[in-house]
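Below is one structure, written out as structure tokens, with a few remarks after it.
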Amino acid sequence: MRKAIFPGSFDPLTNGHLDILERSAPLFDEIVVAVLNNPDKKPMFTVEERCSMIGEVLEGVKRDGCRLTVESFSGLTAEFARRSGASAIVRGIRAVSDYEYELRMALMNRRLEPEIETVFLMADEEYSYVSSTLLKQVFMLGGRIDGLIPELVEQKMREKLS
Ligand code: PNS
């Protein structure tokens, strides 16, 4: 069975993340969306809120026979991947600027868990500039982010703001 994890902060989940997930689904039998619980950061959504939103959104994702689940984790991604029985870590690359950071992470993860491969997928050009941080900033300043984020997530962001 080919199992992968798709790790990230997902604060919040964007359509760019969903694009990567839909592209990776045909490659694996199971993908766990792995939400990092990072106590050092002050996120917009708690890890529980993020997992619950992702769980709801996943119901509408094209999965191509792949089982999609969501879990939170703390500590090292490579360790979580091993504990989950995954053989791959999926990461999306939007632009060349992502590559250097992603390469360093992939090499470190490989050093930690040599049996686990990082699989990079190229995001659709449509989402090449989309990041959770940028979307939060635009949203907080009253800009439009529809089409870049799942509707449910945008609704939850509106609720947070009010
Ligand atoms: O969505 P993000 O913020 O780009 O995801 C980054 C993430 C969560 C994948 C990365 O920060 C991570 O793996 N953190 C867990 C701690 C860890 O394993 N650090 C070493 C990475 S080489």
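Summary table
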{"read-out": "Test: GLY65 is in a loop (DSSP other than H, G, I, E, B), open to solvent by 10 Å² or more (accessible area, probe 1.4 Å) and within 30 Å of GLU151 (Cβ to Cβ)", "value": "yes"}
{"read-out": "Every residue from region 74-93 that is assigned to a strand (DSSP E or B) and under 13 Å from the mean Cα position of the chain (by Cα)", "value": "ILE89, VAL90, ARG91, GLY92, ILE93"}
{"read-out": "Any hit, region 10-27, residues being more than 18 Å from ILE149 (Cβ to Cβ), of a type in the set (Asp, Glu), more than 15 Å from the ligand (Cβ to nearest atom) and not in a strand (DSSP E or B)", "value": "no"}
{"read-out": "Conditions (1) of a type in the set (A, V, I, L, M, F, W, C); (2) more than 17 Å from GLU117 (Cα to Cα); (3) surrounded by 19 or more Cβ atoms within 10 Å (Cβ to Cβ); number of the one not met by ILE31", "value": "(2)"}
{"read-out": "GLU56 of a type in the set (D, E, K, R) and away from the ligand (no atom under 14 Å from the Cβ)", "value": "yes"}
{"read-out": "Of all residues making up region 88-116, the number that are touching an Asp or Glu at 6+ places or on another chain (Cβ under 8 Å) and either open to solvent by 100 Å² or more (accessible area, probe 1.4 Å) or away from the ligand (no atom under 12 Å from the Cβ) (or both)", "value": "2"}
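The values are calculated or read from the model by the stated rules, or taken from the named source; none is laboratory data. Worth saying up front: this structure is predicted, and the values here are computed from it rather than measured. Note that we place each Cβ from the backbone using ideal geometry, even for glycine, and neighbour counts take in every protein chain shown. These accessible areas exclude ligands, DNA and RNA; they are computed on the full protein's heavy atoms, side chains included. Shrake-Rupley method; radii C 1.70, N 1.55, O 1.52, S 1.80 Å.
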